[in-house]
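Peer 1: Just dropping this structure here.
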There are 2 protein chains.
Amino acid sequence: MAMDKYPSRQGDHKEIMDRKDPIVHGGADYDGPLEEKDLSFYDENGYIMLKNLFTADEVKLMKEELRKTMENNENRDAPDVIKEPNSNEVRSVFEIHKDSGFFEMLSKNERIVKAAQQILGSDVYMMQSRINFKPGFKGKEFYWHSDFETWHMEDGMPDMRALSCSIILTDNYEFNGPLMLIPGSQKWYVSCPGTTPEDNFKQSLKKQETGVPDNESMEWLTEQAGGQIDRATGPAGSVLFFDCNTMHGSAGNISPYPRSNVFFVFNSVENKLVEPFSGTEPRPEFLANREDTSAIKPQAGSLTEDVSSR
Amino acid sequence: MAMDKYPSRQGDHKEIMDRKDPIVHGGADYDGPLEEKDLSFYDENGYIMLKNLFTADEVKLMKEELRKTMENNENRDAPDVIKEPNSNEVRSVFEIHKDSGFFEMLSKNERIVKAAQQILGSDVYMMQSRINFKPGFKGKEFYWHSDFETWHMEDGMPDMRALSCSIILTDNYEFNGPLMLIPGSQKWYVSCPGTTPEDNFKQSLKKQETGVPDNESMEWLTEQAGGQIDRATGPAGSVLFFDCNTMHGSAGNISPYPRSNVFFVFNSVENKLVEPFSGTEPRPEFLANREDTSAIKPQAGSLTEDVSSR
């Protein structure tokens with residue numbers, strides 16, 4: 001097994017340790033939508049929101065495609081389709097970048113892929129993809145977590161050289177449960193108490209109970225951010241990029257306004273998955289791609305043009 | 001039984017009806033802290049936040065007194081003390097305006113009593129009082145409701161001529177589950193589906209399941225507000241006044257920052273409670289005072305001076 005730079009889940013032990021990898025790995029060598037000031041904001045805070053990276057027409061199209069994909073999956077009972085308990089209502093569909101259609105095209109769009117390359121400093125591949133529909137009135141809370149902690153322990157991601165890209169398809173307000181992020185939290189790794197049960201993912205997709213940071217560490221991380229927690233608010237069409245180790249979570253949504261998004265996880269081709277550091281079996285392919293890890297070739301163009309030419 | 005201007009809980013029936021009472025009953029005839037523009041904001045929106053109505057020193061004192069009252073009630077097992085399930089941690093203490101001490105003095109302070117008189121257009125009495133401590137990390141969601149709906153159905157409050165006054169003792173941020181209010185919602189009454197079980201209050205203090213507005217009505221109310229939902233954010237020492245019929249709720253609080261407040265419900269002496277309109281037994285005195293409904297005489301002065309002279 002590779003040396004474990006970021007141990008976690010060691011019984012009662014908890015610890016805040018320094019990050020041992022860069023945050024922005026690339027930079028000026030890579031061409032893309034992020035300017036120098038964007039990269040330095042990302043480096044400092046662990047995320048950046050690019051407002052209106054996609055046009056209103058493109059958002060409209062994405063929402064239609066999202067709705068179609070949800071509907072097509074209503075009667076499919078599979079692990080990569082997450083439904084409401086006791087109903088056929090679809091909440092998330094994974095692996096959408098393999099749909100040989102719209103979402104595959106979107107996953108290669110240069111606006112997002114080139115930004116990922118700029119940050120990760122290499123070619124990138126898709127480690128995970130999904131679409132999410134979070135209903136109004138009853139949208140559930142998601143507690144604080146670092147994605148990297150799970151990806152490292154349960155998927156065997158060696159280094160902090162991956163990011164999430166969330167394309168926001170509905171306006172995110174302060175009052176409909178936007179993603180909350182702790183600025184600067186990516187600079188530390190919270191080694192969480194606990195151990196990893198086998199097949200932990202089956203329940204952690206609903207509510208994470210392993211890899212949960214302790215209260216004291218959360219207080220410390222928030223204090224280093226000057227007591228401020230940021231929210232990913234913005235109009236539909238905005239795109240949030242955030243580091244694999246940025247501490248994030250969201251409150252529930254009791255407002256009438258649902259939220260939906262397209263979610264891509266880009267990993268550096270130089271950071272491919274090895275054996276999980278928790279010693280458990282790797283999670284399924286739909287949560288962490290190991291088979292197809294070839295570099296994505298960024299594709300230029302508008303999504304609406306691409307569709308009409310298909 | 002008095003004529004029911006605001007029927008609710010009639011089986012499956014749900015309806016949005018016009019408010020039949022004024023929102024601001026008083027106004028210029030009454031002397032107090034609210035200016036003409038404040039009263040017209042309240043009339044239009046159903047609430048107003050007065051920033052820093054109490055000084056930092058007064059807030060400090062209030063927090064100390066709150067902590068003491070909580071501690072004194074840790075080992076008292078009584079209906080007016082609300083604890084965490086399976087623990088002795090106190091979350092709310094009711095009837096604090098009868099403590100013959102600090103909170104009784106606070107409940108008569110002219111800064112708040114005179115504002116209540118200005119809005120309600122008469123002398124006022126205390127219908128309910130409590131202190132609340134909402135912890136960080138695990139603060140629970142409170143779903144949308146109009147207080148008046150419950151006070152009318154379960155306490156027999158005839159008209160919409162009461163208000164809540166929340167003295168904020170900790171900074172309220174966007175990210176620690178602030179109270180959310182639907183501007184303008186006080187202008188309509190949502191007749192809710194359902195019926196009232198006996199002793200409903202025992203569980204409704206934890207999670208309200210009766211008098212819950214339907215989704216369609218909530219969508220309508222939010223649309224009339226231009227799709228905007230306001231949040232009662234502000235520094236400690238601010239005071240929020242809101243109409244008894246303003247639709248409000250709050251998301252959970254996963255941030256490390258707890259929230260605490262002092263909560264007073266002022267009712268007009270011309271709007272005393274009658275038999276509950278649901279036909280059930282009146283709720284206990286600590287939730288809805290019927291015995292002592294004498295007009296409060298506003299007392300001038302600083303809380304810190306009052307204390308040192310005691």
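The values are calculated or read from the model by the stated rules, or taken from the named source; none is laboratory data. Being a predicted model, the structure only gives us computed values, none of them experimental. Cβ sites come from the backbone with ideal geometry, for glycine too, and all protein chains shown count toward neighbours. Just so you know, the surface numbers come from the protein's heavy atoms only, side chains and all, with ligands and any DNA or RNA stripped out. Shrake-Rupley method; radii C 1.70, N 1.55, O 1.52, S 1.80 Å.
Peer 1: Stokes-Einstein diffusion coefficient for region B:121-254 at 4 °C in a medium of 1.567 mPa s, Rh from the Kirkwood formula over Cα pairs: what value in µm²/s?
Peer 2: 81
Peer 1: What does the average come to when, for each residue of peptide B:162-175, you count the partner chain Cβ atoms lying within 10 Å of its Cβ?
Peer 2: Mean shielding by partner chains, rounded to a whole number: 2.
Peer 1: May I pose another question? Considering only protein heavy atoms and a 1.4 Å probe, what is the carbon-and-sulfur percentage of the accessible area of region B:19-115?
Peer 2: Solvent-exposed carbon and sulfur of region B:19-115 make up 45 percent of the total.
Peer 1: A further question on this structure: Averaged per residue, what accessible surface does region A:21-127 expose to a 1.4 Å probe, in Å²?
Peer 2: For region A:21-127, the per-residue accessible area is 47 Å².
Peer 1: Hey, which of these cross-link pairs are over 25 Å Cα-Cα: B:5/B:272; B:37/B:272; B:108/B:272; A:114/A:272; B:68/B:140?
Peer 2: In this structure, B:37/B:272 lie more than 25 Å apart at Cα.
Peer 1: In peptide B:252-259, how many Cβ atoms from other protein chains are near each Cβ within 10 Å, on average?
Peer 2: Going residue by residue through B:252-259 and averaging, the value is 6.
Peer 1: Let me ask something else. If you plug each phi of region A:128-138 into the Karplus form 6.51 cos²θ - 1.76 cosθ + 1.60 with θ = phi - 60°, what whole-Hz ³J(HN,Hα) values come out, in order, with x for Gly and Pro?
Peer 2: Once θ is set to phi - 60°, the couplings for region A:128-138 become 7, 9, 6, 10, 10, 10, 10, x, x, 6, 9 Hz.
Peer 1: Report the A-B buried area as the accessible area lost on both sides summed, probe 1.4 Å, in Å² to the nearest 100.
Peer 2: It comes to approximately 2200 Å² buried between A and B.
Peer 1: Taking the Cβ of residue A:178 as the center, what net charge do the other residues with Cβ under 15 Å away carry, scoring Lys and Arg +1 and Asp and Glu -1?
Peer 2: Summing Lys/Arg as +1 and Asp/Glu as -1 gives +1.
Peer 1: Is the shape of chain B rounded, prolate or oblate, going by the alpha carbon gyration tensor and its root eigenvalues a ≥ b ≥ c, with a/c under 1.5 for rounded and a/b larger than b/c for prolate?
Peer 2: rounded
Peer 1: Taking a label point 7 Å from Cα toward Cβ, how far is residue B:75 from its twins in the other copies, in nm, shortest first?
Peer 2: Inter-copy label distances (nm, one decimal, shortest first): 6.6.
Peer 1: Could the peptides A:152-165, A:5-18 be put in order, highest first, of the mean number of other beta-carbon atoms found within 10 Å of their residues?
Peer 2: Most protected by this proxy first, the peptides run A:152-165, A:5-18.
Peer 1: May I ask for the distance between the Cα centers of region B:127-184 and region A:175-234, given as a whole number of Å?
Peer 2: 28
Peer 1: Give the peptides B:212-220, B:138-146 in descending order of average Cβ contacts within 10 Å, highest first.
Peer 2: Going by the mean number of other Cβ atoms within 10 Å, highest first, we get B:138-146, B:212-220.
Peer 1: When Lys and Arg each count +1 and Asp and Glu each count -1, what net charge do the other residues less than 10 Å away from residue A:261, Cβ to Cβ, add up to?
Peer 2: Within the 10 Å Cβ shell, the charges total +3.
Peer 1: How far is residue B:51 from itself in the other copies, in nm, if each label sits 7 Å out from Cα along the Cα-Cβ line, shortest first?
Peer 2: Once sorted, the set of distances for residue B:51 reads 2.2 nm.
Peer 1: For the rotation that brings chain A onto chain B, whose beta-carbon in chain A is nearest the axis, and what is that distance in whole angstrom?
Peer 2: A:251, 2
Peer 1: Going by a ≥ b ≥ c, the root eigenvalues of the Cα gyration tensor, does region B:174-310 fall in the rounded group (a/c under 1.5), the prolate group (a/b larger than b/c) or the oblate group?
Peer 2: oblate
Peer 1: Within 10 Å of each Cβ in peptide A:130-137, how many partner chain Cβ atoms are there on average? Round it to a whole number, please.
Peer 2: Mean partner shielding for this stretch: 1.
Peer 1: Relative contact order for region B:142-239: what percent, with Cα pairs under 8 Å and sequence separation of 6 or more?
Peer 2: Relative CO of region B:142-239 lands at 47 percent.
Peer 1: In addition: Please report the carbon-and-sulfur percent of the accessible area for region A:231-310; probe 1.4 Å, protein heavy atoms only, DNA, RNA and ligands left out.
Peer 2: Exposed carbon and sulfur together represent 48 percent of the surface.
Peer 1: As a test of the formula, what do you get for chain B when each DSSP H run with n ≥ 4 contributes -39,500 (n - 2.57) and the sum is divided by the residue count, at 222 nm and rounded to the nearest 500 deg cm²/dmol?
Peer 2: It lands at -6500 deg cm²/dmol.
Peer 1: Under 19 Å from the Cα of residue B:63, which aspartates and glutamates turn up, not counting those fewer than eight places away in the same chain?
Peer 2: Hits, sequence-local ones excluded: B:71, B:74, B:89, B:95, B:99, B:104, B:171, B:305, B:306.
Peer 1: How would you classify the protein assembly as shown from its alpha-carbon gyration tensor, with a ≥ b ≥ c the square roots of the eigenvalues: rounded for a/c under 1.5, else prolate if a/b is greater than b/c, otherwise oblate?
Peer 2: In terms of gyration-tensor shape, prolate.
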